[in-house]
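I have placed the structure first, in the form of structure tokens, so that the comments after it can refer back to it.
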Amino acid sequence: MRRGCAHRGRDSALTARLAVLAAARVTPFYWLCDKADVPRCAIHDLRHLAATISITNGVPLTVVSKTLRHATLSTTANIYAHLTAQAARQAVDTIDDTLDRADRALPPPVVALRAVLRP
């Protein structure tokens with residue numbers, strides 16, 4: 001199976017026109033970046049930024065996947081797997097903190113009993 005752009009191997013004038021169109025679409029964005037005095041980035045980077053912010057703030061992966069218009073949930077899960085692992089770790093830490101606060105609120109004999117029961 002051949003990979004790459006669909007227009008590869010075709011008329012080089014078509015390739016040149018596509019390159020001009022692509023550059024024209026990005027130029028106004030770069031102008032806005034310069035005007036706002038923020039670093040230049042690709043528009044696609046903003047898509048990843050939005051997904052990253054959403055996932056790390058607890059938006060369900062199915063919602064992020066639909067927002068990004070991925071064909072399957074597995075596409076989103078594969079691309080952002082490191083973030084879902086981080087979110088899972090944060091969930092475990094939150095549960096642990098909650099249990100620790102609950103232990104501190106209990107009288108000493110109950111805390112001792114829980115310490116024996118916890119691995």
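The values are calculated or read from the model by the stated rules, or taken from the named source; none is laboratory data. Since the structure is predicted, the reported quantities are computational estimates derived from the model, not experimental observations. Cβ sites come from the backbone with ideal geometry, for glycine too, and all protein chains shown count toward neighbours.
What about ALA71, is it exposed (fewer than 12 other Cβ atoms within 10 Å of the Cβ) and farther than 22 Å from ILE43 by Cα?
Here the answer is no, as ALA71 does not meet what is asked.
Can you pull out the residues in the stretch 32-50 that are under 25 Å from ARG69 (Cβ atoms) and assigned to a helix (DSSP H, G or I)?
LEU32, CYS33, ILE43, HIS44, ASP45, LEU46, ARG47, HIS48, LEU49, ALA50
Working carefully through the options ALA22, ALA13, ALA6, find the one that is of a type in the set (Gly, Ala, Ser), modelled with pLDDT under 75 and surrounded by 10 or more Cβ atoms within 10 Å (Cβ to Cβ).
Result of the check over ALA22, ALA13, ALA6: ALA22.
If you take the residues in the stretch 55-68 that are in a helix (DSSP H, G or I) and at pLDDT below 90, which one is surrounded by the most Cβ atoms within 10 Å (Cβ to Cβ)?
Among them, the one singled out is ILE55.
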